[in-house]
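Reviewing the structure listed below.
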Amino acid sequence: MLNPLVLGIGFIVALVSAIFIFYACTQKKKAILSFPFLLFLIALVGFSGAAYLKIGRFSDWQTAQVDVDQDPRLAAKITEARQLLQESPNDMVERRKLISLYMEAGQFGEAIKNINSLLEIRKQDPSLYVLKAKALYYRDGKKLTPEVEEEVQSALRLNPKEPSVKMFLAEDAFRNKDYEKAIGYWRSVLEAGNAPMQEKLIRTAIVNAEQRLKAQQVQSTSTRKGG
């Protein structure tokens, strides 16, 4: 699938080239265009028409763009995902993919809009509230704001043992160097046994947190002795 921006540039270049060549020929008083030139001109016009049909109205093209500072491959994936959703707006799998891409690109506002669209259909899905909490969390500078807490509580009301809640809170605790709390959250997920596919990663995370906790405790002890 071609990028709309590339097609747009092609459309402009093709049109300008056709006008320029035609003008040059008339200036040289070539009243009758050669057959090869006619074929060339038809090809340019054909490409221009195809490009315009692909792009559609300018407003549609504009809304399909992403931040030009992003990884071009990621930008292309986002554009493609948007187009797929335009064709099948109720495709929940594709919308989740688009949300993941927005999160990866740091477009948390767009991610939140799409999560809200999913919540209109699946209000009883606790994982969606956690996903929204994560988007708000990263949007607000990795802080557990009241808005983030509200989404976490919404998920827990639906499922007090929702593993994605504990995973999210563990990640926040680890990021803030509260390793003991992070270990507690991860262990609670293991004890509940409701995230079998992630157990290996969780155990690795616990070992890492335990090592950091010991180093933190040693440093704290050394500081007290030195004082």
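For this structure, a couple of remarks:
- Remark: spin-label model distance Asn208-Lys113 equals 3.3 nm, labels positioned 7 Å along the Cα→Cβ axis.
- Of the trypsin sites (Lys or Arg not before Pro) found in segment 99-135, the ones in coil according to DSSP and having at most 16 other Cβ atoms within 10 Å of their Cβ are Arg122, Lys123.
- A full extension of the chain between Arg122 and Arg157 corresponds to an added length of 11.1 nm, given 0.36 nm per residue minus the alpha carbon distance.
- In nm, spacing of pseudo-spin labels at Ser188 and Glu80 (7 Å Cα→C-beta vector): 4.0
- Loop-resident trypsin sites (Lys or Arg not before Pro) (DSSP state other than H, G, I, E or B) in segment 165-212 with no more than 13 further Cβ atoms inside 10 Å of their Cβ: Lys177.
- Compactness index (Cα Rg / 2.2 N^0.38 Å), segment 113-187: 1.08
- Net charge, Val189 excluded, C-beta distance under 15 Å - Lys, Arg +1, Asp, Glu -1: +1
- Accessible surface, 1.4 Å probe, highest first, among residues Ser127, Ser100: Ser100, Ser127
The values are calculated or read from the model by the stated rules, or taken from the named source; none is laboratory data. The structure displayed is predicted, hence computed values, not measured ones. No Cβ is skipped: glycine too gets one built from the backbone with ideal geometry, and neighbour counts run over all protein chains shown. Only protein heavy atoms, including side chains, enter the accessible area calculation; ligands, DNA and RNA are left aside. Shrake-Rupley method; radii C 1.70, N 1.55, O 1.52, S 1.80 Å.
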